[in-house]
């Protein structure tokens, strides 16, 4: 288990959000520790206006009775990336939670 001790550092600049997330999700499930830097440079393919509308629609989703219970809408690029990867992991299981901790 020597190879799992080193941390893989990935420069996010210029990569597509979904493609990078899929690769990272697979690698953290396999046991690699991964750090993604420059998340603000990650691209989202498609029309800018449509993606903006999708993001704003996501911001509107909240619990009517008590919004503080979630879902939480992270604004930081690093957290948007983290959330995308989380969607590709079985984050409600021990294995998925451990994988998310390696990101």
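Laboratory data are not the source of any read-out in this text; all were calculated from the coordinates shown. Please read all numbers here as calculations on a predicted model, not as lab measurements. Here the Cβ is made from the backbone with ideal geometry for all residues, glycine too, and neighbour counts use every protein chain on show.
For the chain, what does -39500 (n - 2.57) per DSSP helix run (n ≥ 4), summed and divided by total residues, give at 222 nm, in deg cm²/dmol to the nearest 500?
Details: 4 runs with 44 residues, N = 103.
Only helices count here, giving -13000 deg cm²/dmol.
The angle between the Cα long axis of helix 77-86 and the main principal axis of the chain comes to about 70°, on a 0 to 90 degree scale.
Beta carbons within 10 angstrom, averaged per residue: use that to sort the peptides 59-67, 28-36, highest first.
Details: 59-67: 8.9, 28-36: 15.8.
Packing proxy ranking, top to bottom: 28-36, 59-67.
Stretching residue 11 away from residue 33 to a fully extended chain increases their span by 6.5 nm, per 0.36 nm per residue minus the current alpha-carbon distance. With the simple spin-label model, which puts each label point 7 Å out from Cα in the Cβ direction, the residue 95 to residue 60 separation comes to 3.8 nm.
What is the chain by shape, rounded, prolate or oblate, if you read a ≥ b ≥ c off the alpha carbon gyration tensor as root eigenvalues and call it rounded for a/c under 1.5, prolate for a/b larger than b/c, and oblate otherwise? Judged from the Cα gyration tensor, the chain comes out oblate (a/c at least 1.5, b/c at or above a/b).
Take every Cα pair under 8 Å whose residues are at least 6 apart in sequence, average their separation, divide by the length of segment 7-101, and the relative contact order is 34 percent.
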